[in-house]
Each structure stands twice: as structure tokens, then as C-alpha cells.
Amino acid sequence: MAVVTQAAVARVKWLAAPTSGAWLSAACARPDLLLIDHAHCERKAAGGALQLMFRYPSDVALAQVLSPLAREELEHFELVLQLLERRGIALRPLPAPAYGAALAKAVRRDEPARLLDSLLVAGLIEARSHERMARLACVVRRAAGQRSAPLRPVLGAGRRALRPRAHHGAATGAGGGGNRGIGRGLREP
Ligand SMILES: [Fe+2]
């Protein structure tokens with residue numbers, strides 16, 4: 001478990017600061033919200049990939065990367081929907097986090113800088129998500145020995161859909177909200 005914590009989080013070297021313990025506590029206290037947020041994350045990841053494909057319709061190389069990515073993210077979305085349904089949790093809208101909009105504002109308007117910045121924003125969002133997934137994975141593993149741990153019933157069974165994924169960031173952020181937050185509802189960048 002310690003290996004996952006240190007190695008996975010340490011690899012996310014592009015983040016200026018680690019996710020706070022307060023965020024992790026808030027996420028663990030609301031596994032239902034965590035799953036709902038994650039569903040939106042997957043949906044937005046697919047949407048972000050599609051958005052770029054429509055923005056650059058003649059870029060075949062980009063489409064060859066983004067098209068399978070969009071499909072994969074939708075498969076993730078469907079997996080999370082299954083988890084929600086299995087647990088009787090209704091999918092509902094969540095407020096978009098401010099940091100997604102803030103990142104989108106940083107995207108330059110002229111090409112090719114716009115594409116570059118969009119991909120960089122997606123990478124940042126992905127990096128944050130990856131870090132948070134790694135931290136949550138550690139919580140789940142710890143919870144395996146504690147029957148009362150709040151995340152165990154949700155994340156333990158949902159490991160397949162919620163495991164850390166390095167590819168997990170097609171959302172551009174330029175679309176607002178971005179993908180990563182497992183904690184979109186938790187409001188922390
Ligand atoms: Fe995904």
C-alpha cells in the first residue's frame with residue numbers, strides 16, 4: 001500500500017502541490033458524491049476528446065488518437081453508471097469546479113497555441129485526477145481491514161472503474177469543468 005501511495009503520487013510531478021487531506025476526507029465522507037462526480041468526469045473526458053476532434057476536423061493524426069480515447073472514456077462512464085445503479089445512487093448534475101474554468105481561461109486563442117494549451121490543460125487535469133485516484137486507492141486498501149470505513153462498500157467493489165488510469169484525461173478543460181476532479185463537487189483544484 002505504501003508503495004502505491006508514494007510511487008503513484010510521486011510520479012505526478014507536474015502538480016505544484018498535493019491534494020489536501022481535507023479534500024481526501026471530504027471525498028471519503030461522501031462516496032455517493034464521489035461516484036457521481038466520477039461519472040461526470042468520464043463523460044467530460046469523452047466530450048473533451050470529441051470537442052477537439054470537431055475543433056480540428058482535418059487533423060487525422062489527432063483524430064486517430066482522440067477517437068479511440070473518446071470510446072474508452074465512454075466505456076468508463078458506462079462502468080460508473082453500473083456502479084451507481086447497483087448502489088441505488090441517482091446520477092444528478094453537480095456544480096462545475098472553479099478551477100476548470102480558470103484553466104480554460106489560460107488557454108491562448110490563437111493557433112497553434114490554442115491546441116497546445118488545450119492539451120496541456122487536459123494533461124494537468126489528468127495529472128490531478130491520477131494523483132487523487134492513487135490517494136483514494138490507498139484509502140480503499142486501508143479500508144479493506146476496517147469494516148466501517150465509508151469508502152469500502154463503494155470503492156472496494158468499484159475498483160475496476162475507479163483504479164488509477166494514466167490515460168484518463170481527454171477533457172480539455174477548455175470545455176469548462178474538465179475531467180478530473182473526482183471532486184468536482186468538492187471544489188478544490
Ligand atoms: Fe476514464
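Considering region 93-108 alone, what residues qualify as being closer than 13 Å to ILE125 by Cα and surrounded by 17 or more Cβ atoms within 10 Å (Cβ to Cβ)?
Residues of region 93-108 that are closer than 13 Å to ILE125 by Cα, as a first pass: 97-104.
Of everything in region 93-108, those that are closer than 13 Å to ILE125 by Cα and surrounded by 17 or more Cβ atoms within 10 Å (Cβ to Cβ) turn out to be PRO97, TYR99, GLY100, LEU103, ALA104.
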Are there any pairs, at least 6 apart or on different chains, whose C-beta atoms fall under 8 Å, with the first in region 33-44 and under 18 Å from GLU72 (Cα atoms) and near the ligand (Cβ under 10 Å from one of its atoms) and the second among the basic types (Lys, Arg) and part of a helix (DSSP H, G or I), and if so, which? CYS41/ARG184
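Of everything in region 53-99, what is assigned to a helix (DSSP H, G or I), away from the ligand (no atom under 16 Å from the Cβ) and over 13 Å from ALA39 (Cα atoms)? Give them in sequence order.
So in region 53-99, the residues assigned to a helix (DSSP H, G or I) come out as 53-55, 60-86, 98-99.
Now narrow it down to the ones that are away from the ligand (no atom under 16 Å from the Cβ): 53-55, 60-64, 85-86, 98-99.
Scanning region 53-99 gives MET53, PHE54, ARG55, VAL60, ALA61, LEU62, ALA63, GLN64, ARG86, ALA98, TYR99.
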For ALA102, only one of the following conditions fails: (1) in a helix (DSSP H, G or I); (2) closer than 25 Å to CYS138 by Cβ; (3) small (Gly, Ala, Ser); (4) at pLDDT below 95. What is its number? (2)
Filtering region 32-79 down to residues that are touching a Phe, Trp or Tyr at 6+ places or on another chain (Cβ under 7 Å) and of a type in the set (D, E, K, R), which residue is farthest from ILE125 (Cα to Cα)? ARG43
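The values are calculated or read from the model by the stated rules, or taken from the named source; none is laboratory data. Please read all numbers here as calculations on a predicted model, not as lab measurements. No Cβ is skipped: glycine too gets one built from the backbone with ideal geometry, and neighbour counts run over all protein chains shown.
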